[in-house]
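To start, the structure itself, in structure tokens.
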Amino acid sequence: MRGRRTLRGAWRVWGVLLRSQLREQPTRLILSVLAIALGVCLAAAIFLVNQAALAQFTDAGRRLVGSANVIVRGPRAGFAEALFGALARDPRVAIASPVLEIEAAVPGRREPLAILGIDPFRAGRLQSALVDGIGPRLPALFRTNAILLSAVAAARLGLHAGDALHVVVGDQPERLRVIGILPARAYSQPLGLMDIASAQWIFARIGRLNRIDLRLADGVDAAAFRAELSRRLPVGVLALAPHTQIDRTAAATRAYRVNLNMLALVALWTGAFLVFSTQSLSVLRRRASLALLRALGVTRAELQLALAAEGAALGAAGALLGVAGAVALADAMLRTFAGGLGDGRLQAVGAALPAQPAAIVGFFSIGVLVAAIGAWLPARSAARRPPAAALKGGNLGVESTAPSTWLLGAGFLALGGALARLPPIAHLALFGYLSIAALLLGAVLTVPAATVALLRVAPHTGRPVFDTAIAQLRDNVRPSTLSLASIIVSYSLMVAMMIMVHSFRSSFENWLVKLLPADIEMRVPPGNDTAFWSAGEQARISAVPGIAKIRFRRTLRIALDRRHPPITLIARDIDAADARQVLPIVAEAALARAARLQPVWISEGLADLYGYRAGQTIRLPLGGRLLGYAIAGVWRDYARSDGSIVLPRPAYEAATGDHDATQASLWLSPGFGAASVAAAVRARLAAGDAVQIMTSTAVRRRSLRVFDRAFAITYALEAIAVAIGLVGVAFAIGSTALARRAEFGMLRHIGLRRRDVVALLTEEGVVLTSIGVVYGLLLGVLLSLVLVFVVNRQSFHWSIDLAIPVLRLLELGLILVAAAAGTAILSGHAAGGEDAVRAVREDW
Amino acid sequence: MAEGAAAARAVISLEAVHKRYRSDRPAVLDGIDLQVAEGEYLAVMGESGVGKTTLLNLLAGLDRPDAGRVTVDGVDLSTLDDDATTLLRRRAVGFVFQAFHVLPYLSVRQNVDLPLRLQGVDAGARRERTEQMLAALGIGALADRLPRELSGGELQRTAIARALIHRPRIVLADEPTGNLDPRSAAQMLALLRAQIKAHAGAGILITHSRAAAQTADRILILDARGLTTAERD
């Protein structure tokens, strides 16, 4: 009964307050709403785009797996097809479908084309959604060189039915004929379908398979079957559950997606602080009228609820705009950029925006919640304030010294430090994010005490305007620091991101220098498993005039564990004695040779994901056997977060008999140019046009360009957060100037020129923003340590050396101070004008 | 000739001053003439909205007349730009307001010595004059308090001290006792008069109160017809 009365009362008070706010401070309200809208819009749009891309990718994965309940998967090079016969005859297997998966090199294209060689009759019973698309073209598929393309592959390659598709096998170009295009609904990713016999013939894999899909007979326990099968499969061949196959991409891109979502939430987080600071300032400004309401009979609970509801109403308006904007933005992004905001592995082509009412409601609720939380604290303090004091003295009746929140703040800072030391959960740096949130909260709560301490040591200059500005700030620490909260939060996050990205970029540059020591780098199109250079071709390349030295490498993907995606094996010339010269080593073990095993160097990703350490032994499935190698060291690999391993090439060749190569580093003889040598190399190869040859400088330049593009969205989101923070400061200065018009009027009466008033407000703004910038800088450095050493390491499994871009940080800090000064100058001109002279007649 | 000599001695002089805020409304001040002599303390009474505060603003150079001339200490304000007028005000004018208008974040001492600081008076002289002024107004013991710790009477004493600390040629008081009880008001008016007589060239008190006006040397009534001299009780 009492609760209902409070609600009714609060509702009436809320109406009065909101109406008066709308009348008196429409711009402030609109900007608060826009800040929340922007935060919700960005966070929700990024989430929706990634969900759309993920949904499409998962759907594509499901279509490839179909109704199979066991996937037998071998290395890319494959296994003998006799295994298929054995499995097909197993009475527990209802259907067995042989598959040859190929990543074919296509001349002139960076990315390979995925080709599935299938038995259409068997696959039709397992992957009907995919195979049904073949339709009447089935007989034609059995012709040698015939291939069907998915609609996306055809569009990307610019091919139509009847066109020729060129692929590279070894160093030889091969010509396939496109017999038709699959309907778009059949498969949403780039794919080619061939008859398995044709695929084996064309790609020189006769008698080899690398996948067998099985549907078990009714009543057979799939898990038990997989476990039993795993024990008798050849080395390097795994029996996987279908969801392992489907979920791998989702799992592999999860860290990127979570990081991007967290980044998008920064804008919302800053928006929440903006609501907090503007509501706090607004409550301070309205203290006399709020006290009057209390004096007129509004209860403490009614007032508190009404003020919190005021914030929630702003949040609701902002969140509504935000989710509407997010749907439109996500739709536009999917149409324009073909989806996928992660690391590029999650590209949805023409993905439709899925209806996600739960996500929409969730983001709307987050918007309302953060705004309500932002308004709650000031509402509580306003309701607790004795009305008599506020009514008596107006401005003079306010106790505006620093509240004693520093102890709570210090507690949050300590908590943040402790959380940063906790390990990841499911490869996600959840404690790292919580640590950042705790550090931000702690910092905001300690701002008043820190500001008081700083202002206390501010020098007495003897300049009346500056000294008056300092006195004003010192006595108004609470409102002053409230206005700082949003800028400190956004600026510190910007600083942290700038340090993290700068550190990453500088580590990446050093990494490139270490890995690209030669004049020229050449490789077959990356990611494919059809193109390579045989020993003869390597000899021909080596004999090209102008090449002083050449080092070939062989890279291939091998699966170590069914729980993880395959790792990359790099067979190259490397000696344990000089490994540090050619690899960016981060940890070494001296006992590698004592173990009498060949040394290998594993990447940090492999070490993290599989739990290996330097000095241990790792077993690799090579040449049909499981061979042990001594881990001589751990190296930093920014190219392959799934894990990679470097093996001396002679050891690899001895284990596998594979003398092929896929990459090479070339050192030029004096007097020879890169272009002429590259042309000569191409001329020596049958599929020379398909080979990628670039100078190391060009590779470095291109890699850094790609790096910068990948982080462009980071900068954009951060810039938005800082812009929101700046709006907060502009607001605070503007509304303070408005509230202090009478004070400025009095100062004009006693002889302050208009420019003195402008100077007073500007100096206050500059001092306050400078404190915010210094504080934000220190906090940002602290946060960057968490980003560099915790979030980055736990999310992406590679380390970064800390590097601080001092000049750029100073530049950004100065821009913020200048922006605050600009706002103050504008506000000062308005505040020191003739209206101010008249304002002394108003009672303040 | 004698009239000219009197005008030359006048600290404040208004000649045919005209001021209108909006063209569709009557003029607030229409052809006002006024001479305030050295050492004179004048009270101006009138109904609300008749233009008393406009008169003060014109005298202080905070507003400009549409026609006519305002002279302070022999300086024609129309010849000065905004900065020069402000500097004249800084040096030669002291203000006391109804709502006190002391800076809430400065102590009583800092509020009072602000005009001296603006004039660049050295710290020693400033301290000495501030202590004297605070003592003269009976607020020496409150020197380090903040305005929020003071009563209305104490706040107005602070405001008067600030208005007089730099020994201005003219003191302009706009309803200085409007927020005070009768006893405090009487004390304040006596104090104001004494201080103006002791330190300033001339003083003008704007008031609604007949009793307050009685503390002045001369009482003028401002109405639509202009300024007329009123009889003292």
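Taking segment A:647-749 and the helices (runs of 4 or more DSSP H) fully enclosed by it, the elements with 3 or more residues that are out of contact with any helix residue (DSSP H, G or I) (no Cβ under 9 Å at 6 or more places or on another chain) are at A:649-656, A:674-684, A:696-710.
Within segment A:187-200, does at least one residue satisfy the condition of being more than 18 Å from A:GLY527 (Cα to Cα), surrounded by 15 or more Cβ atoms within 10 Å (Cβ to Cβ) and modelled with pLDDT under 90? Yes, there is a match, as at least one residue in segment A:187-200 is more than 18 Å from A:GLY527 (Cα to Cα), surrounded by 15 or more Cβ atoms within 10 Å (Cβ to Cβ) and modelled with pLDDT under 90. Name the residue, out of A:VAL773, A:VAL706, that is away from chain B (no Cβ under 14 Å) and in contact (Cβ under 8 Å) with a residue 24 or more places away in the chain. Within the list A:VAL773, A:VAL706, the selection yields A:VAL773. Taking segment A:404-518 as the region of interest, the helices (runs of 4 or more DSSP H) fully inside it that hold 3 or more residues being within 19 Å of A:LEU785 (Cβ to Cβ) are A:406-419, A:430-456, A:477-515. Consider B:ARG169 carefully, then state whether it is touching a residue at least 24 places away in the same chain (Cβ under 8 Å) and surrounded by fewer than 22 Cβ atoms within 10 Å (Cβ to Cβ). It is true that B:ARG169 is touching a residue at least 24 places away in the same chain (Cβ under 8 Å) and surrounded by fewer than 22 Cβ atoms within 10 Å (Cβ to Cβ).
Taken together, B:ALA125, B:ALA99 contain a single residue that is more than 10 Å from every other protein chain (Cβ to nearest Cβ) and either among the small types (Gly, Ala, Ser) or surrounded by fewer than 21 Cβ atoms within 10 Å (Cβ to Cβ) (or both), which is B:ALA125.
Residues of segment B:128-164 that are among the β-branched types (Val, Ile, Thr) and out of contact with any strand residue (DSSP E or B) (no Cβ under 8 Å at 6 or more places or on another chain): B:THR130, B:ILE139, B:THR158. Residues that are on the phi > 0 side of the Ramachandran plot and more than 13 Å from every other protein chain (Cβ to nearest Cβ) do occur in segment B:72-83.
Within segment A:744-761, none of the residues are surrounded by fewer than 22 Cβ atoms within 10 Å (Cβ to Cβ) and more than 14 Å from every other protein chain (Cβ to nearest Cβ).
Determine whether segment A:133-141 contains at least one residue that is under 22 Å from A:THR530 (Cβ atoms), surrounded by fewer than 20 Cβ atoms within 10 Å (Cβ to Cβ) and either touching a Ser or Thr at 6+ places or on another chain (Cβ under 9 Å) or in contact (Cβ under 8 Å) with a residue 24 or more places away in the chain (or both). Scanning segment A:133-141, I find at least one residue that is under 22 Å from A:THR530 (Cβ atoms), surrounded by fewer than 20 Cβ atoms within 10 Å (Cβ to Cβ) and either touching a Ser or Thr at 6+ places or on another chain (Cβ under 9 Å) or in contact (Cβ under 8 Å) with a residue 24 or more places away in the chain (or both), so the answer is yes.
What residue, among those in segment A:475-505 that are modelled with pLDDT of 80 or more and under 17 Å from A:ALA732 (Cβ atoms), is nearest to the other protein chains (Cβ to nearest Cβ)?
Narrowing segment A:475-505 to residues modelled with pLDDT of 80 or more: A:488-489, A:491-505.
From what's left, under 17 Å from A:ALA732 (Cβ atoms): A:488-489, A:491.
Values: A:ILE488: 22, A:VAL489: 26, A:TYR491: 26 Å.
Across segment A:475-505, the extreme among qualifying residues is A:ILE488.
Among the conditions (1) surrounded by fewer than 18 Cβ atoms within 10 Å (Cβ to Cβ); (2) farther than 30 Å from A:LEU209 by Cα, the only one that A:TRP635 does not satisfy is (1).
Cβ-Cβ contacts under 6 Å between residues 6 or more apart (or on different chains), taken from a first residue in segment A:441-469 that is at negative phi to a second residue that is among the hydroxyl-bearing types (Ser, Thr, Tyr) and part of a helix (DSSP H, G or I), are listed as A:VAL447/A:THR481; A:PRO448/A:THR481; A:THR451/A:THR481.
Listed by position, the helices (runs of 4 or more DSSP H) contained in segment B:117-233 that have at least 1 residues being β-branched (Val, Ile, Thr) are B:123-136, B:152-164, B:182-199.
Going by what's in this entry, would A:LEU440 be described as modelled with pLDDT of 80 or more, surrounded by 23 or more Cβ atoms within 10 Å (Cβ to Cβ) and more than 18 Å from B:LEU103 (Cα to Cα)?
Details: modelled with pLDDT of 80 or more: yes; surrounded by 23 or more Cβ atoms within 10 Å (Cβ to Cβ): yes; more than 18 Å from B:LEU103 (Cα to Cα): yes.
Yes: the conditions hold for A:LEU440.
Within segment B:179-226, the set of residues being surrounded by fewer than 17 Cβ atoms within 10 Å (Cβ to Cβ) and among the small types (Gly, Ala, Ser) comprises B:ALA186, B:ALA190, B:ALA194, B:ALA198, B:ALA211, B:ALA224, B:GLY226.
Going by the conditions given, is A:VAL766 without any contact (Cβ under 8 Å) to a residue 60 or more places away in the chain and either assigned to a helix (DSSP H, G or I) or within 20 Å of the chain's Cα centre (by Cα) (or both)?
Judged against the criteria, A:VAL766 is a match.
With respect to being in a helix (DSSP H, G or I) and either out of contact with any helix residue (DSSP H, G or I) (no Cβ under 8 Å at 6 or more places or on another chain) or modelled with pLDDT under 65 (or both), A:LEU314 falls outside the description.
Within segment A:167-180, residues that are in contact (Cβ under 8 Å) with a residue 12 or more places away in the chain sit with their Cβ atoms under 6 Å from residues that are charged (D, E, K, R) and part of a strand (DSSP E or B), at 6+ positions apart or across chains, in these pairs: A:VAL167/A:GLU174.
The values are calculated or read from the model by the stated rules, or taken from the named source; none is laboratory data. None of the values given here were measured: they were computed from a predicted structure. All Cβ positions, even for glycine, are placed from backbone atoms using ideal geometry, and neighbour counts span all protein chains on display.
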